[in-house]
Amino acid sequence: EMVRALGSIAGEKADRALDGLMSLTHPKALKTVVGEIGRRARKGAAQKLAPWARRHANLGVQAEATRLLGVLGSERHLPILTANLGVPSYRDFLASAAVAGLAATRDPRHIPRLRKSCLPGAPFGVRLAAVRALADFSAHDPSLVPWLCGLVEDPDERVTLCVVAALGSTEDERVLPLLERLIKSASNPRVRVYAAEAAARVKAGGKKAALN
């Protein structure tokens with residue numbers, strides 16, 4: 001709480017105080033420091049976070065620093081994200097953070113890599129992170145929604161459920177025919193439930209987009 005309170009204070013003195021907390025060893029506290037440095041997005045923030053994104057003893061700290069490099073849009077440090085995308089970790093935590101960071105750049109050059117990360121062959125956790133990232137990215141590129149619709153037939157039920165939920169999160173009315181078909185005819189009852197919830201979300205806040 002102290003770190004968050006410090007992060008809410010504007011000015012260079014607060015920046016220097018946060019910099020002084022970078023020597024903390026408690027993982028949870030240090031992750032909060034990383035988050036506040038990234039949130040404030042001051043000049044030089046990416047440079048401060050880059051060493052932790054490259055390597056850190058605590059996976060949570062490294063993953064948060066990786067994600068925030070993408071949020072900060074540091075072109076210079078994008079190679080760290082792409083490198084971490086291929087680093088094995090517990091439950092694919094680091095690679096998933098790299099996916100989230102690439103998506104946060106809103107750079108269309110990363111869409112092919114994110115699409116590939118959705119497909120069979122990519123680690124499971126990365127696939128789920130990439131599906132969610134592309135659903136979020138679709139607010140800037142509506143052409144991604146029809147592509148995501150094509151993933152609902154994935155042989156892994158867990159991926160299908162993630163895709164259905166992600167389609168609901170887009171609130172794009174183009175997904176309704178697919179969701180309504182799943183509600184009526186999906187053989188898996190969990191898929192039917194997820195589809196019903198996603199359809200309700202779209203209908204509650206849906207937006208129309210031109211068909212691509």
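A few notes on this one:
- Condition met for residue 71 (within 28 Å of residue 147 (Cα to Cα), free of Cβ contacts under 8 Å to residues at least 12 places away in the same chain and either part of a helix (DSSP H, G or I) or aliphatic (A, V, I, L, M) (or both)): no
- Residue in the stretch 84-94 that is of a type in the set (Phe, Trp, Tyr), within 20 Å of residue 135 (Cα to Cα) and surrounded by fewer than 21 Cβ atoms within 10 Å (Cβ to Cβ) present: yes
- Hits in the stretch 37-61 (condition: open to solvent by 20 Å² or more (accessible area, probe 1.4 Å) and part of a helix (DSSP H, G or I)): 39, 40, 47, 48, 51, 52, 54, 59
- Selection from the stretch 134-157 of residues that are more than 17 Å from residue 183 (Cα to Cα), open to solvent by 10 Å² or more (accessible area, probe 1.4 Å) and assigned to a helix (DSSP H, G or I): 136, 146, 147
- Condition check for residue 174: more than 24 Å from residue 121 (Cα to Cα) and of a type outside the set (Ser, Thr, Tyr): yes
- Meets criteria (closer than 27 Å to residue 84 by Cα, at pLDDT 95 or above and not in a loop (DSSP other than H, G, I, E, B)) for residue 184: no
- Flag for residue 29 being surrounded by fewer than 16 Cβ atoms within 10 Å (Cβ to Cβ) and assigned to a helix (DSSP H, G or I): yes
- Residue list for the stretch 39-64, restricted to those being within 18 Å of the chain's Cα centre (by Cα) and farther than 24 Å from residue 88 by Cα: 39
- Positions within the stretch 95-116 being open to solvent by 50 Å² or more (accessible area, probe 1.4 Å), part of a helix (DSSP H, G or I) and farther than 17 Å from residue 163 by Cα, in sequence order: 108, 109, 112, 113
- Qualifying residue in the stretch 117-126 (condition: hydroxyl-bearing (Ser, Thr, Tyr), within 24 Å of residue 91 (Cβ to Cβ) and open to solvent by 40 Å² or more (accessible area, probe 1.4 Å)): no
The values are calculated or read from the model by the stated rules, or taken from the named source; none is laboratory data. All figures in this text were calculated on a predicted structure; none of them were measured in a lab. We place every Cβ from the backbone using ideal geometry, glycine too, and count neighbours over all the protein chains shown. Accessible surface is based on the protein model in full, side chains and every heavy atom, while ligands, DNA and RNA are left aside. Shrake-Rupley method; radii C 1.70, N 1.55, O 1.52, S 1.80 Å.
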